[in-house]
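The values are calculated or read from the model by the stated rules, or taken from the named source; none is laboratory data. None of the values given here were measured: they were computed from a predicted structure. Because the Cβ atoms are built from the backbone with ideal geometry, glycine has one as well, and the counts that use them run over all protein chains shown. Accessible surface areas use protein heavy atoms only, side chains included; no ligands, DNA or RNA. Shrake-Rupley method; radii C 1.70, N 1.55, O 1.52, S 1.80 Å.
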Amino acid sequence: MKKENCIFCKIANGEIPSQTLYEDKHFRIILDLGPATRGHALVLPKEHAENLFELSEAAAGEAFILAKKTAAKIKEKLGCDGLNLVQNNGETAGQTVPHFHIHIIPRYKDDGQNINWVPGRPSQEELEAVRRQITE
Ligand code: AMP
Ligand code: ZN
(Lines give C-alpha, C1' and ligand atoms only; values in the text may rest on other atoms or scores of the structure.)
(Ligands and ions follow the chains in the order given, each with its own letter.)
Protein backbone atom coordinates (compact mmCIF):
# COMPACT_ATOMS: atom_id res chain seq x y z
CA MET A 1 0.00 0.00 0.00
CA LYS A 2 1.09 3.53 -0.77
CA LYS A 3 0.59 6.25 1.83
CA GLU A 4 -1.03 9.58 0.94
CA ASN A 5 1.38 12.50 0.97
CA CYS A 6 4.46 10.32 1.45
CA ILE A 7 7.18 11.73 -0.79
CA PHE A 8 9.12 8.45 -0.98
CA CYS A 9 5.93 6.54 -1.91
CA LYS A 10 5.51 8.98 -4.78
CA ILE A 11 9.15 8.73 -5.88
CA ALA A 12 9.31 4.94 -5.51
CA ASN A 13 6.14 4.53 -7.57
CA GLY A 14 7.27 6.96 -10.26
CA GLU A 15 4.78 9.77 -9.56
CA ILE A 16 7.68 12.13 -8.88
CA PRO A 17 10.70 11.85 -11.18
CA SER A 18 14.06 10.82 -9.75
CA GLN A 19 17.50 9.81 -10.92
CA THR A 20 16.80 6.09 -10.86
CA LEU A 21 19.68 3.61 -10.76
CA TYR A 22 17.45 0.53 -10.60
CA GLU A 23 13.78 -0.42 -10.53
CA ASP A 24 11.83 -3.65 -10.17
CA LYS A 25 8.34 -4.65 -9.04
CA HIS A 26 8.97 -3.90 -5.38
CA PHE A 27 11.85 -1.39 -5.23
CA ARG A 28 13.37 1.72 -6.74
CA ILE A 29 16.92 2.86 -6.06
CA ILE A 30 17.55 6.57 -6.57
CA LEU A 31 20.26 9.17 -6.14
CA ASP A 32 19.85 11.22 -2.96
CA LEU A 33 19.07 14.89 -3.71
CA GLY A 34 21.28 16.01 -0.83
CA PRO A 35 24.14 13.57 -1.18
CA ALA A 36 26.77 13.11 1.51
CA THR A 37 29.17 12.11 -1.26
CA ARG A 38 29.14 11.52 -5.01
CA GLY A 39 26.90 8.55 -5.75
CA HIS A 40 24.92 8.59 -2.47
CA ALA A 41 21.88 6.43 -3.24
CA LEU A 42 18.68 5.35 -1.47
CA VAL A 43 16.96 1.97 -1.63
CA LEU A 44 13.20 2.61 -1.52
CA PRO A 45 10.51 -0.08 -1.22
CA LYS A 46 7.44 0.76 -3.31
CA GLU A 47 5.16 -0.39 -0.53
CA HIS A 48 4.99 2.03 2.37
CA ALA A 49 6.61 1.01 5.64
CA GLU A 50 7.54 3.81 7.99
CA ASN A 51 10.67 2.15 9.32
CA LEU A 52 12.49 -1.13 9.94
CA PHE A 53 9.95 -2.18 12.55
CA GLU A 54 7.08 -1.95 10.07
CA LEU A 55 8.96 -3.52 7.16
CA SER A 56 8.19 -7.16 6.32
CA GLU A 57 11.03 -9.66 6.66
CA ALA A 58 10.74 -10.46 2.96
CA ALA A 59 11.16 -6.79 2.02
CA ALA A 60 14.04 -6.41 4.49
CA GLY A 61 15.85 -9.33 2.89
CA GLU A 62 15.31 -8.02 -0.62
CA ALA A 63 16.34 -4.50 0.36
CA PHE A 64 19.66 -5.68 1.78
CA ILE A 65 20.44 -7.80 -1.26
CA LEU A 66 19.71 -4.82 -3.53
CA ALA A 67 21.89 -2.60 -1.34
CA LYS A 68 24.73 -5.12 -1.69
CA LYS A 69 24.39 -5.33 -5.48
CA THR A 70 24.15 -1.56 -5.88
CA ALA A 71 27.11 -1.03 -3.57
CA ALA A 72 29.20 -3.34 -5.77
CA LYS A 73 28.15 -1.48 -8.91
CA ILE A 74 28.87 1.94 -7.37
CA LYS A 75 32.28 0.76 -6.21
CA GLU A 76 33.09 -0.56 -9.68
CA LYS A 77 31.82 2.48 -11.60
CA LEU A 78 32.73 5.37 -9.28
CA GLY A 79 35.88 3.87 -7.77
CA CYS A 80 35.09 4.78 -4.17
CA ASP A 81 37.60 3.80 -1.47
CA GLY A 82 34.96 2.61 1.02
CA LEU A 83 31.21 2.60 1.51
CA ASN A 84 28.70 2.97 4.35
CA LEU A 85 25.23 1.49 4.54
CA VAL A 86 23.14 3.65 6.87
CA GLN A 87 19.54 3.10 7.88
CA ASN A 88 17.84 5.48 10.31
CA ASN A 89 14.68 4.68 12.31
CA GLY A 90 12.88 7.41 14.19
CA GLU A 91 13.63 11.10 14.60
CA THR A 92 15.96 10.39 17.50
CA ALA A 93 18.07 8.28 15.17
CA GLY A 94 18.13 10.98 12.49
CA GLN A 95 15.28 9.77 10.28
CA THR A 96 13.80 12.75 8.43
CA VAL A 97 11.61 10.95 5.87
CA PRO A 98 9.22 8.45 7.49
CA HIS A 99 9.36 5.86 4.69
CA PHE A 100 11.93 3.08 5.16
CA HIS A 101 15.12 3.55 3.15
CA ILE A 102 18.70 2.34 3.14
CA HIS A 103 21.41 4.89 2.41
CA ILE A 104 24.28 3.69 0.23
CA ILE A 105 27.09 6.17 0.82
CA PRO A 106 30.27 5.73 -1.20
CA ARG A 107 33.33 7.02 0.66
CA TYR A 108 36.37 8.68 -0.83
CA LYS A 109 39.66 9.42 0.87
CA ASP A 110 39.42 12.88 2.48
CA ASP A 111 35.74 13.31 1.55
CA GLY A 112 35.26 15.26 4.80
CA GLN A 113 32.27 13.19 5.89
CA ASN A 114 31.94 11.47 9.25
CA ILE A 115 29.62 8.63 10.21
CA ASN A 116 30.74 8.16 13.75
CA TRP A 117 29.76 7.77 17.37
CA VAL A 118 31.61 8.23 20.63
CA PRO A 119 32.36 4.76 22.06
CA GLY A 120 31.16 4.16 25.62
CA ARG A 121 33.13 2.24 28.26
CA PRO A 122 30.60 -0.02 30.00
CA SER A 123 31.69 -2.44 32.71
CA GLN A 124 31.23 -6.19 32.19
CA GLU A 125 28.32 -5.98 34.66
CA GLU A 126 26.59 -3.33 32.56
CA LEU A 127 27.09 -5.37 29.37
CA GLU A 128 25.74 -8.42 31.18
CA ALA A 129 22.66 -6.48 32.33
CA VAL A 130 21.98 -5.29 28.79
CA ARG A 131 22.37 -8.78 27.38
CA ARG A 132 19.94 -10.11 29.96
CA GLN A 133 17.43 -7.36 29.30
CA ILE A 134 17.47 -8.11 25.57
CA THR A 135 17.54 -11.87 25.67
CA GLU A 136 15.56 -12.88 28.76
P1 AMP B 1 16.92 10.14 6.55
O2 AMP B 1 17.45 11.35 7.27
O3 AMP B 1 17.62 8.86 6.88
O4 AMP B 1 15.41 10.04 6.68
O5 AMP B 1 17.26 10.39 5.02
C6 AMP B 1 16.46 11.12 4.17
C7 AMP B 1 17.29 11.38 2.93
O8 AMP B 1 16.39 11.65 1.86
C9 AMP B 1 18.24 12.57 3.02
O10 AMP B 1 19.56 12.11 2.72
C11 AMP B 1 17.72 13.54 1.97
O12 AMP B 1 18.77 14.21 1.30
C13 AMP B 1 16.97 12.63 1.04
N14 AMP B 1 15.86 13.23 0.32
C15 AMP B 1 14.84 13.96 0.83
N16 AMP B 1 13.95 14.28 -0.15
C17 AMP B 1 14.42 13.72 -1.28
C18 AMP B 1 13.95 13.68 -2.63
N19 AMP B 1 12.83 14.31 -3.00
N20 AMP B 1 14.68 12.99 -3.54
C21 AMP B 1 15.83 12.36 -3.18
N22 AMP B 1 16.32 12.36 -1.92
C23 AMP B 1 15.63 13.04 -0.99
ZN1 ZN C 1 5.76 6.01 1.84
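Figures for the structure shown
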quantity: Accessible area of the range 22-136 divided out per residue, in Å², using a probe of 1.4 angstrom; calculated: 69
quantity: Fraction in percent of alpha-carbon pairs per bin - 10 Å, the chain; calculated: 11, 36, 31, 16, 5, 0
quantity: 0 to 90° range, to nearest 10: angle between helix 124-135 axis and the chain longest Cα axis; calculated: 50
quantity: Percent accessible area from carbon and sulfur atoms, the chain, protein chains only, probe 1.4 Å; calculated: 53
quantity: Part-to-part distance (alpha-carbon centres) for the range 1-21 and the range 31-66, which is given in Å; calculated: 12
quantity: Helix 57-78 axis, angle to the chain major axis (alpha carbon atoms, nearest 10°); calculated: 70
quantity: Per the chain, cysteines lacking a partner by the 4.7 Å Cβ criterion; calculated: C80
quantity: The range 1-62, relative contact order [Cα under 8 Å, separation at least 6], %; calculated: 28
quantity: Per-residue SASA entry for I105, accessible area with 1.4 Å probe, Å² rounded to 10; calculated: 10
